[in-house]
1. On the accessible surface of region 50-110, probed at 1.4 Å, how many percent belong to carbon and sulfur atoms?
2. Can you spot the aspartates and glutamates whose alpha carbon is less than 16 Å from Lys82's alpha carbon? Ignore those fewer than 8 places along the same chain.
3. Could you check how much of the accessible area of region 282-373 is carbon and sulfur, as a whole percent, using a 1.4 Å probe?
4. Can you tell me which aspartates and glutamates have their Cα less than 13 Å from the Cα of Lys263? Leave out same-chain residues fewer than eight positions away.
5. Mind grabbing the accessible area of Thr256 for me, 1.4 Å probe, Å², rounded to tens?
6. I want to check the label-to-label distance for Ser151 and Phe31. Put each point 7 Å from Cα in the C-beta direction and report it in nm to one decimal.
7. Among the listed pairs Lys57/Lys264; Lys217/Lys320; Lys217/Lys264, which have their C-alpha atoms separated by more than 27 angstrom in this model?
Amino acid sequence: MKIRVVLITVPLVLSAIALAGGFVLVWRLFFLSLLVLLLSYAWTLLGSRGIDSRGTKVPEHSQVGEWFEREISVVNRSRLPKLLIEMRENTDLPGYHNMLAFSLPAQGSRHWRSQVFCRRRGRYSLGSLTATVTDPLGLFPLHRNFGENKSILVYPATVELPFFSPLSYYDSGHSPTRWLGTEISSSAARIREYAPGDSFNRIHWRSTARTGELMVKVFDPERSPNIAKTIWIIPDMHLAAHLGNDDQSTEEYCVTIAASLIKKYVESGTQVGLITAGDRPYLFPPETGDEHLWHLLEVLAIIRATSRVPLEQLISGEIKRFAASSVVVAITPSPSLQMVASFRHAVSRGIMAVAILLDPASFGGTASTVHTA
């Protein structure tokens, strides 16, 4: 920008000096500087014509931790070579930058591929391209846009949770506090090979002896009426509850845990509901199936910790929705006495209440949940 101002100012100064003094040399310098400006502008104008660009289709959704590939093509349909082209993909996807500078021969083309890594959940735009063509002096850069930005939804990451099993045996006469045990129904649906994370008390010893491989029993919840079939996931999105920044924040960990639990139980055939609040309240009654799973993950992809509704208010306000023998799992980095009171109220109604606590001290806070009872 400074060079352009200087070079545009030079002809004006030279013309003033030439008019005042009438020196031939000054007039020649004036016309030379004017010619440079005109040639630079013509260079940029001709260099931008005949360029076409396109990219491969942007997927509608992805997930944190996944990759997908973009292929970009730039074609010169002119008989003139194109020099000093800078191609940039327009996106707000965190951590992704796709820019390349090159030249094109007459009627030539350039193709390249880029790997897009999804590092943060949310809804982003991707797909449009901007070509910047300029003259050798960089006086008149010209921008041309190609294509339109498309929306891509990045679902939160999910992790396997083989050892988390609140949906355990409930027997009349047992306290709800025992529902976290590993008791199961004797109604086995089938036998399969042992997988890491399987409980040893599910090993079917007769089949193991017969096959020589560890075999475990698989239990069908539909054939086991004493196993709770409904679970409610309640991630805490209260504005004042969270600490940390970006990926290393209690907000992101809270969402990842909630998404992992939802995926775990929906895929197992359990009815899963979601209650949370961000910019607005969200309530999804318990259902099963892949469509329900993706609806819940979509909410968790876009929700932010902007709610002014504390966790205990969410639980207390919806407690009538929780059927007896259902399970309520709350995820929070900020437990309170009010939350404990709401849990006790839920337990008194025959509901199992589970709290997953994130330790604020691990995210730069001063308090700790390590010794929270």
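1. 50
2. Cross-link targets: Asp52, Asp135.
3. Roughly 53 percent, rounded to a whole number.
4. Glu160, Glu287, Asp290, Glu291, Glu298
5. Here the accessible area works out near 40 Å².
6. Placing both labels 7 Å along Cα→Cβ, they lie 6.0 nm apart.
7. Working: Lys57/Lys264 31 Å; Lys217/Lys320 36 Å; Lys217/Lys264 18 Å.
Listed pairs above 27 Å: Lys57/Lys264; Lys217/Lys320.
The values are calculated or read from the model by the stated rules, or taken from the named source; none is laboratory data. Computed from a predicted model, the values in this text were never measured in an experiment. Neighbour counts run over all protein chains shown; Cβ positions are idealised from the backbone, glycine included. Surface areas here come from the heavy atoms of the whole protein model, side chains and all, with no ligands, DNA or RNA. Shrake-Rupley method; radii C 1.70, N 1.55, O 1.52, S 1.80 Å.
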